[in-house]
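The values are calculated or read from the model by the stated rules, or taken from the named source; none is laboratory data. Note that the structure is predicted; figures quoted are calculated from it, not measured. With ideal geometry, Cβ positions are generated from the backbone for all residues, glycine too; neighbour counts draw on all protein chains shown. Heavy atoms of the whole protein, side chains included, go into the accessibility calculation; ligands, DNA and RNA do not. Shrake-Rupley method; radii C 1.70, N 1.55, O 1.52, S 1.80 Å.
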Amino acid sequence: AAAFSTVRHAVGAVSALIARRAVPAAIELVDDDSLRAVESYVGQAVVPAGAGAMLIVECDGTAAGVEEEIASVAEACRETAALSVTRAATEAERDALWHVRRQLSLALRATGLLKINHDVVVPRGRVPALFDVIAGLKQRYSLRVASFGHAGDGNIHVNLMVNRDDAHERARAAQAERELFEQVVSLEGSISGEHGIGFAKARYLPIELSPEEIALMKRLKTAFDPNGILNPGKIFP
């Protein structure tokens, strides 16, 4: 795991790993808002003071290959201004590092704010551009946005954290939501990387797919579900 002063530095490390053609088993990125929520939830610091982002990188393979890859990962992190690099020497230490990641969703819910979660995905090389988009949304819409996820495959969970009792903030979040999807598609990504299109995202499907593509998908669904009994009302706008 590596701690960085800003999420931009952490994203830079991801880019450096991609440039080295390193393909670890996992590259998880945790931003500042997410870290603060976890620290509040668990009641202790999980990164050094001043850290604004964290990367959790896991390598697997043969013993010799893992040693070489870990060294390359650590070097890439230090070259991109990591404040600290911590290597798990035991299974317990490994679990302690992953514990931060596992607590994220619970910690964000514990803030008491409405958590509007989206699992957007972009090509790996465009993860830096995605975080530029997220930074812009925070600024333009005056929103708290906690982002974390699978930076190694471009799949980032973007959580709009909203005061449910503030109608103006909810309206700004709705605008930010649509802009997020439009920007992701412009980066050749998708509005859902792993959880799919359900009730919540159905109205946004036309941002990514043309009317002809949606019509084709409807015909395919009808072929397998002529009575419309499988997930009725989901997916299609």
Report task. Consider residue 157 carefully, then state whether it is closer than 17 Å to residue 53 by Cβ and either assigned to a helix (DSSP H, G or I) or touching an Asp or Glu at 6+ places or on another chain (Cβ under 8 Å) (or both). Result -> yes
**Report entry** Which numbered condition residue 62 misses (of (1) surrounded by fewer than 21 Cβ atoms within 10 Å (Cβ to Cβ); (2) touching a Ser or Thr at 6+ places or on another chain (Cβ under 6 Å))
**Finding:** (2)
Query raised in the report: If you scan region 203-235, which residues turn out to be exposed (fewer than 13 other Cβ atoms within 10 Å of the Cβ) and part of a loop (DSSP other than H, G, I, E, B)?
Result: 210, 225, 226, 227, 228, 229, 230, 231, 232, 233
Query raised in the report: What is the number of the single condition among (1) at pLDDT 95 or above; (2) within 15 Å of residue 151 (Cα to Cα); (3) open to solvent by 50 Å² or more (accessible area, probe 1.4 Å) that residue 83 does not meet?
Result: (2)
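In this structure, does residue 152 turn out to be modelled with pLDDT under 95 and in a helix (DSSP H, G or I)? Outline the logic, then answer.
Values: modelled with pLDDT under 95: yes; in a helix (DSSP H, G or I): yes.
Yes, satisfied.
Could you check, for region 48-56, whether at least one of its residues is in contact (Cβ under 8 Å) with a residue 24 or more places away in the chain, surrounded by fewer than 17 Cβ atoms within 10 Å (Cβ to Cβ), closer than 18 Å to residue 83 by Cα and out of contact with any Pro (no Cβ under 7 Å at 6 or more places or on another chain)? Before you say what the answer is, go through the steps one by one.
Restricting attention to region 48-56, the residues satisfying the condition of being in contact (Cβ under 8 Å) with a residue 24 or more places away in the chain are 48, 50-56.
With surrounded by fewer than 17 Cβ atoms within 10 Å (Cβ to Cβ) added as a condition, the list becomes 48, 50.
Now restrict to residues that are closer than 18 Å to residue 83 by Cα: 48, 50.
If we keep only those that are out of contact with any Pro (no Cβ under 7 Å at 6 or more places or on another chain) as well, we get 48, 50.
There is at least one residue in region 48-56 that is in contact (Cβ under 8 Å) with a residue 24 or more places away in the chain, surrounded by fewer than 17 Cβ atoms within 10 Å (Cβ to Cβ), closer than 18 Å to residue 83 by Cα and out of contact with any Pro (no Cβ under 7 Å at 6 or more places or on another chain).
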Query - Every residue from region 138-159 that is more than 16 Å from residue 127 (Cβ to Cβ) and touching a residue at least 40 places away in the same chain (Cβ under 8 Å) - result: 144, 146, 159
